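I have placed the structure first, in the form of structure tokens, so that the comments after it can refer back to it.
Any read-out appearing in this document is the output of simple, stated calculations on the displayed coordinates, not a laboratory observation. Everything numeric in this text was worked out from a predicted model, so none of it was measured. Cβ placement follows ideal geometry from the backbone for every residue including glycine, while neighbour counts extend to all protein chains displayed.
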Amino acid sequence: MTETPDSLYEEDFYAWTRQQAELLRRLPTIGNEFDPEHIAEEIEDLGRSELRVAQVTLRTHHRAFSQARIFRARRTRRSLGR
């Protein structure tokens, strides 16, 4: 099943930004007054920024989960008198 730009945008924003940047770069430059290369770079930067935010969020949640698990284990050991 081929993903549409809408579904890719919703399911994998990073992949969507890379796809859209590539499509912009393929547009013919003759007759276009916009700057496809810089626009493509900005779109890719958005994707990288979103990816970094997601990675930091995952690391933060993982760290909090690990700390909570350690706390519960220590509390359990104390209550068992170890």
- line: Within the set GLN20, GLN67, GLN55, GNM on the chain using Cα springs under 10 Å gives the largest fluctuation to GLN67
- request: Please give the length that would be gained between GLN67 and GLU50 if that part of the chain were fully extended, namely 0.36 nm times their separation in residues minus their C-alpha to C-alpha distance (nm, one decimal).
  value: 3.5 nm
query: Angle between the Cα long axis of helix 13-26 and the longest principal axis of the chain, 0 to 90 degrees, nearest 10?
result: 20
- prompt: Roughly how many debye, to the nearest 20, is the charge dipole of the chain about its Cα centre, given +1 on each Lys and Arg Cβ, -1 on each Asp and Glu Cβ, and no other charges?
  reply: 1900
task: For helix 36-79, report the angle its Cα long axis makes with the longest principal axis of the Cα atoms of the chain; keep it between 0 and 90° and round to the nearest 10°.
output: 10
Pairwise label distance in nanometres, THR76 with ARG26, each label 7 Å out on the Cα-Cβ vector: 5.4
field: Positive-pole candidate from ALA68, GLY31, LEU51, dipole of the chain, charges at beta carbon
entry: ALA68
query: Counting pairs of alpha carbon atoms under 8 Å apart in space and at least six apart in sequence, what relative contact order in percent does the chain give?
result: 26
task: With a Förster radius of 41 Å, plug the Cβ-Cβ distance of GLU33 and ASP6 into 1/(1 + (r/R0)^6) and report the FRET value to the nearest 0.05.
output: 0.90
